[in-house]
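Below is one structure, written out as structure tokens; comments come after it.
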Amino acid sequence: MSKQDAKRGLLLVYTGDGKGKTTAALGLAVRATGRGKKVLMVQFIKSPDRTYGEKLVFDKIGIDIVQKGIGFTWTKTPEEHREALQAAWGYAKEQLLHGGYDVVIFDELNNALAIDRFPIDDVLPLEDVLETIKSRPKHIHLVITGRSAKQEILDMADLVTEMKPIKHYYDEGIPAVLGVEF
């Protein structure tokens, strides 16, 4: 590997059915910030109407984090989700291509691309996502999280980590835990 290759931005994908995808990206964001890198996290599913632990701490330590979603697909109408996804993708794409960040995280983009309850191809086109990934400024590390990653994204990635569930307290009836899930 040449020194030039070592300085290019990487594409990292955290996917799978297990817990820890967003958490891994959050850890990377903290590490990068500690090294003086400018970080942006765009959350495609989480809504700004709710409070999340990562948002509270990132605001304190200077990591830009923006919730552009409106929650899970069953919480609003398909048209509301389509509008939110279109706005989220427009914002995320603009921020990535602008080049003002060293690390950009598209949290739960994989989940958004995998929605099949209503059409999304016209508001979040996979081909546009792939072209945007390819044409991002060369220095930017891009992290994409979420279940059901598209094969085309996996093929482009420099690193793919699959989170695999072995045991989960949800199976015992324990709901989402403050400070662990949100």
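The values are calculated or read from the model by the stated rules, or taken from the named source; none is laboratory data. Model, not experiment: these values are computed from the prediction. Here the Cβ is made from the backbone with ideal geometry for all residues, glycine too, and neighbour counts use every protein chain on show. Each accessible area value is taken on the protein alone, full model and side chains, heavy atoms only, with ligands, DNA and RNA left out. Shrake-Rupley method; radii C 1.70, N 1.55, O 1.52, S 1.80 Å.
Would you be able to say whether some residue in the stretch 66-82 is open to solvent by 70 Å² or more (accessible area, probe 1.4 Å) and assigned to a helix (DSSP H, G or I)?
So far as the stretch 66-82 goes, yes, one or more of its residues are open to solvent by 70 Å² or more (accessible area, probe 1.4 Å) and assigned to a helix (DSSP H, G or I).
Here is a check on your reading of the model: is Ala176 small (Gly, Ala, Ser) and surrounded by fewer than 10 Cβ atoms within 10 Å (Cβ to Cβ)?
yes
Across the stretch 107-149, which residue is nearest to the chain's Cα centre (by Cα) among those that are more than 22 Å from Lys37 (Cβ to Cβ) and among the polar types (S, T, N, Q)? Talk me through it step by step, then tell me what you get.
Residues of the stretch 107-149 that are more than 22 Å from Lys37 (Cβ to Cβ), as a first pass: 110-131, 146-149.
Imposing the further condition that a residue be among the polar types (S, T, N, Q) reduces the set to 110-111, 148.
On the way: Asn110: 7, Asn111: 9, Ser148: 13 Å.
Checked the stretch 107-149; the qualifying residue nearest to the chain's Cα centre (by Cα) is Asn110.
Within the stretch 145-152, is even one residue loosely packed, with under 15 Cβ neighbours inside 10 Å and aliphatic (A, V, I, L, M)?
no
Across the stretch 153-173, what is the number of residues that are of a type outside the set (Lys, Arg), exposed (fewer than 11 other Cβ atoms within 10 Å of the Cβ) and under 11 Å from Lys19 (Cα atoms)?
Counting residues in the stretch 153-173 that are of a type outside the set (Lys, Arg), exposed (fewer than 11 other Cβ atoms within 10 Å of the Cβ) and under 11 Å from Lys19 (Cα atoms) gives 1.
Given the structure, is Asp49 within 19 Å of Ile153 (Cβ to Cβ) and without any contact (Cβ under 8 Å) to a residue 24 or more places away in the chain?
On the way: within 19 Å of Ile153 (Cβ to Cβ): no; without any contact (Cβ under 8 Å) to a residue 24 or more places away in the chain: yes.
Criteria not met by Asp49.
Quick one: is Ile133 in contact with a helix residue (DSSP H, G or I) (Cβ under 8 Å, 6 or more places away or on another chain), touching a residue at least 24 places away in the same chain (Cβ under 8 Å) and either not basic (Lys, Arg) or not in a loop (DSSP other than H, G, I, E, B) (or both)?
On the way: in contact with a helix residue (DSSP H, G or I) (Cβ under 8 Å, 6 or more places away or on another chain): yes; touching a residue at least 24 places away in the same chain (Cβ under 8 Å): yes; either not basic (Lys, Arg) or not in a loop (DSSP other than H, G, I, E, B) (or both): yes.
Judged against the criteria, Ile133 is a match.
List the number of the failed condition for Met41; all other conditions in (1) open to solvent by 80 Å² or more (accessible area, probe 1.4 Å); (2) not in a loop (DSSP other than H, G, I, E, B) hold.
(1)
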